[in-house]
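Written out below as structure tokens is the structure these notes cover.
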Amino acid sequence: MTEAQDVLIYSKRFAGGVRIVSRMLSDMGRRPVLVSDEPDDVNRDHCAAHVVIDWARADLDDFVAAIDAAGVIPTAIVNFVEPLISWQTRAARHYGLPGGEPGRETLLSKAAVRQAMAAEELSALAFTSGPAASLGVEAVTSYPVIVKPDKDSGGSRMVRRADSPAELRSRLDEIAGALGPDGHVIVEEYIDGTEFSVDGAVLQGRFVPLLSVEKTEHDEARHHDAGLRISPPPSDLVRRGARQLTRTVGALCVALGLQGSWLHVEGRVREDGTCELIEINPRPGGGLYRIATQHTCGIDPIELSVRMALGEELDIGLLEKPAADHDLLVALLPFEADRVGTLVSATPLDELKLLPGVVDGYQFEGFRVTSMDQENFFTEVLITAESVAGLREIAQQVRGAFTFSFE
């Protein structure tokens, strides 16, 4: 084993982009070391070593002992799993590695982010938080509101809307039943507007936006992404909102002292042009966001994140002048499971990619759905066209050609 090459890759519930990151690190001459809570992790054979940590019960001393016992000398930590941010920052500080800024831990909690924004006068959005089982609805004075888990709520997991105190109590009871009596939630003012996202990198103290996406057909009933997500945003309202949110997030990054991180930020812009943050995720957007970013500006968010984690000195000028080679609009078109069960049949992705305007995609064979309380995307395609009308026409053709069934 060559010292000074070991790079830890964090994973929980098999998430964390392990196989992609492992290949990148190997190509860079580094030694990828998987750190997960699964002794039989399906990704372990794709890494040079595997260290098992009980994320829920272990402490930092246990972590260090396990790393030492494996003969691993960490030189960097790559973490794309939000619930493991605290493990990332504590281990980074212990080993003197990038990613240990105390402000990064703020991103663990939606309530902590709201508090930080209020302290910096970046938002006046009304919110409250606490255990779902005991949170008093009297603390909420106006409706409608959105209630959701304060932590670990990726994929729009258990996001609910409430229009009255009675409905809020019912929603809180639902979430408490799923999270347990100590599960914390955030209840915040509902933002009536168009949803969008901004992906970019925090480099040299600045948040540089690289991909803005307008969610033109967002599912307001389930609070899930749905339909066409278009980049660049076709509406002037969302383009202005994206610029405003970029400034807000940039100011928050300065206040928190964030460095060397990719952010996937979601927001909403009202008809009057005012904009609010929905949530901020210290990782690249999921699904086809990576491919869309590569397609539009030639930058791979995973590779850039890995390089930042390694502590490389990167030129911010590379981000400020992205090398787009076309003027086409792009859109992400996802398909979500319609019931609990296992995907037993679907039009193959290769057939969808034969349709004009379809440039890439993914499909998860045998995809299993155990809950409808979160987004369950099993197929997604990336399409391009010269206009929004063109995107909608291609999307209609894809929908017409795509069939699937769950049992």
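Worth pointing out:
- Contact order normalised by residue count of the chain, Cα under 8 Å, 6+ apart, percent: 12 percent
- Hz values of 3J(HN,Hα) by residue in segment 297-304 - Karplus curve (6.51, -1.76, 1.60), Gly and Pro given as x: 9, x, 10, 8, x, 5, 4, 5
- Expected-Rg normalisation [2.2 N^0.38 Å, Cα atoms] applied to segment 192-325: 1.01
- Scaled to the globular estimate 2.2 N^0.38 Å, the Cα spread of segment 197-263, given as radius of gyration, is 1.23.
- For the chain, lysine pairs with C-alpha atoms less than 25 angstrom apart, excluding pairs fewer than eight positions apart on the same chain, total 10.
- Listed residues A395, A65, A76, most fluctuating in the chain (Gaussian network, C-alpha, under 10 Å): A65
- Centre separation in Å (Cα based) which lies between segment 88-115 and segment 183-248: 23 Å
- Given in Å, the Rg to one decimal and the Dmax to the nearest whole number for the Cα atoms of segment 70-134 are 15.4, 50.
- Per the Kirkwood formula applied to alpha carbons, segment 252-407 shows a radius of gyration over Rh ratio, Rg over Rh, of 1.01.
- Local electrostatic count, D272, Cβ distance below 13 Å [Lys/Arg +1, Asp/Glu -1]: 0
- Note on M372 and R90: their simple-model spin labels are 3.9 nm apart, each label 7 Å out from Cα toward Cβ.
- ³J(HN,Hα), Karplus 6.51/-1.76/1.60, whole Hz, each residue of segment 252-264, x for Gly, Pro: 5, 4, 5, 4, 8, x, 6, 9, x, 9, 8, 10, 10
- Highest mobility in the GNM of the chain, judged by mean-square fluctuation with C-alpha springs under 10 Å and restricted to F127, F377, F367, is found for F367.
- Extension gain, A251 back to E189 (0.36 nm per residue minus Cα-Cα distance, nm): 20.1 nm
- Sum of side-chain charges, S261 neighbourhood, beta-carbon under 11 Å (Lys, Arg +1; Asp, Glu -1): +1
- Relative contact order for segment 224-307, counting Cα pairs under 8 Å that sit 6 or more residues apart, in percent: 23 percent
- The chain: most fluctuating residue of K215, K151, K110 per GNM, C-alpha cutoff 10 Å: K151
- Spin-label model, S134/R23: points 7 Å from Cα along the beta carbon direction are separated by 4.9 nm.
- Per residue of the chain, the DSSP helices (runs of n ≥ 4 H) give a summed -39500 (n - 2.57) that works out to -8500 deg cm²/dmol at 222 nm.
- Binning the C-alpha pair distances of segment 326-407 at 5 Å intervals from 0 yields a P(r) profile of 3, 16, 26, 21, 15, 11, 6, 2, 0 %, listed from the shortest bin outward.
Read-outs: derived from the displayed coordinates by stated rules, not from any lab. Quick caveat, the model's predicted, so the values are computed rather than measured. When we count neighbours, we look across all protein chains shown, and the Cβ atoms used for this are built from the backbone with ideal geometry, even at glycine.
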